[in-house]
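Take a look at the structure set out below.
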Amino acid sequence: MMSAADLPDTIAVFPLPGALLLPRARLPLHIFEPRYLAMLDDALKTPHRLIGMVQPREVPGSEVKRLHAIGCAGRVTQLSETEDGRYLITLSGMSRFRIREEVTGFTPYRRCDVSWDGFAADLGPVEEDRSFDRPRFLDLLGRYFDAMSLSTDWDSLKEAEDELLINSLSMLCPFDPEEKQALLEAPSLTTRRETLVTLIEFALRGGGPEEKMQ
């Protein structure tokens, strides 16, 4: 089993608003901008093939987008090229990380020195949520999907393991970037599920930006 000591101190980061990657989950990405094609090319030359997904932060008065302190690194596990030079890739979530500092250099993409401390569970076995009330959760989810005009394969959801179910919904549901960040930073699967339920209930109440600020 991989440990934090096996992971690099510096990784490329991809600041993509609303794109959430979680450990042991998979995130499909469409790579077409020249700087990110260079990022992918460089990542594929390394033994770990890691790219760090991180949420950008809007800072009033600043033209440079800051980065949230915590992101999640994924390994490039699938790749296909289109006829016009774009790439369709899949990142498999490895571990969350904390940004120490951004590295300045000559790459067209952003790179950061990172710490893997505090995220040992990400590299361990699948997490369980022992207090998970699945029937109640699926009932709530059904009302949310109806309200948002979303569709899904309910049979697959009912059979999915706790972690796969909770993490997949955290990644796929149309939450805003700050809400996605809260799901990422949840310290355990149980906490992530509780956060997910809170966000779903909030959406069902029709909460708006004014309520979020309170």
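For segment 150-173, how many residues meet the condition of being assigned to a helix (DSSP H, G or I), free of Cβ contacts under 8 Å to residues at least 40 places away in the same chain and among the aliphatic types (A, V, I, L, M)? Break it down stepwise before answering.
The initial filter retains those residues of segment 150-173 that are assigned to a helix (DSSP H, G or I), namely 154-159, 162-172.
Retained after the next criterion (residues that are free of Cβ contacts under 8 Å to residues at least 40 places away in the same chain): 154-159, 162, 165-166, 169, 172.
When the remaining residues are screened for being among the aliphatic types (A, V, I, L, M), the result is 157, 165-166, 169, 172.
Of the residues in segment 150-173, 5 are assigned to a helix (DSSP H, G or I), free of Cβ contacts under 8 Å to residues at least 40 places away in the same chain and among the aliphatic types (A, V, I, L, M).
Scan segment 72-125 for residues that are farther than 13 Å from Val13 by Cα and of a type in the set (D, E, K, R) and the total you get is 6. Applying the set (1) exposed (fewer than 12 other Cβ atoms within 10 Å of the Cβ); (2) assigned to a strand (DSSP E or B); (3) in contact with a Lys or Arg (Cβ under 8 Å, 6 or more places away or on another chain) to Asp113 leaves exactly one unmet item: (1). Listed by first and then second residue, the pairs linking a residue in segment 121-149 that is farther than 15 Å from Asp162 by Cβ and free of Cβ contacts under 8 Å to residues at least 40 places away in the same chain to a residue that is in a helix (DSSP H, G or I) and of a type outside the set (Val, Ile, Thr), with Cβ atoms under 7 Å apart and 6 or more places separating them unless they lie on different chains, form an empty list.
Given the residues Pro28, Pro17, which is the only one that is at pLDDT below 95 and within 15 Å of the chain's Cα centre (by Cα)? Walk me through it before giving the result.
On the way: Pro28 fails: at pLDDT below 95.
On inspection, the qualifying residue turns out to be Pro17.
Remark: pairs (first residue in segment 24-49, on the phi > 0 side of the Ramachandran plot; second residue part of a loop (DSSP other than H, G, I, E, B); Cβ separation under 9 Å; 6+ apart in sequence or on different chains) = Arg24/Val126; Arg24/Glu127.
Could you identify the single residue in Pro56, Pro60 that is over 19 Å from Asp122 (Cα atoms), at pLDDT below 95, under 13 Å from the mean Cα position of the chain (by Cα) and not small (Gly, Ala, Ser)? Spell out how you get there, then give the answer.
On the way: Pro60 fails: under 13 Å from the mean Cα position of the chain (by Cα).
So the residue among Pro56, Pro60 that is over 19 Å from Asp122 (Cα atoms), at pLDDT below 95, under 13 Å from the mean Cα position of the chain (by Cα) and not small (Gly, Ala, Ser) is Pro56.
Kindly evaluate Ile31 against the criterion of being touching a helix residue (DSSP H, G or I) at 6+ places or on another chain (Cβ under 7 Å), of a type in the set (A, V, I, L, M) and over 27 Å from Ala120 (Cβ atoms).
Values: touching a helix residue (DSSP H, G or I) at 6+ places or on another chain (Cβ under 7 Å): yes; of a type in the set (A, V, I, L, M): yes; over 27 Å from Ala120 (Cβ atoms): yes.
Spelling it out, Ile31 is indeed touching a helix residue (DSSP H, G or I) at 6+ places or on another chain (Cβ under 7 Å), of a type in the set (A, V, I, L, M) and over 27 Å from Ala120 (Cβ atoms).
The residues of segment 4-60 that are closer than 13 Å to Tyr109 by Cβ and acidic (Asp, Glu), listed by number, are Glu33, Asp41, Asp42.
Taking Ser92, is it outside the structural domain of Gly206 (by TED's automatic domain parsing) and small (Gly, Ala, Ser)? Before the answer, list the steps.
Details: outside the structural domain of Gly206 (by TED's automatic domain parsing): yes; small (Gly, Ala, Ser): yes.
Considered against the rule, which asks whether it is outside the structural domain of Gly206 (by TED's automatic domain parsing) and small (Gly, Ala, Ser), Ser92 comes out as yes.
The values are calculated or read from the model by the stated rules, or taken from the named source; none is laboratory data. No experiment lies behind these values; they were computed from the predicted model shown. Cβ sites come from the backbone with ideal geometry, for glycine too, and all protein chains shown count toward neighbours.
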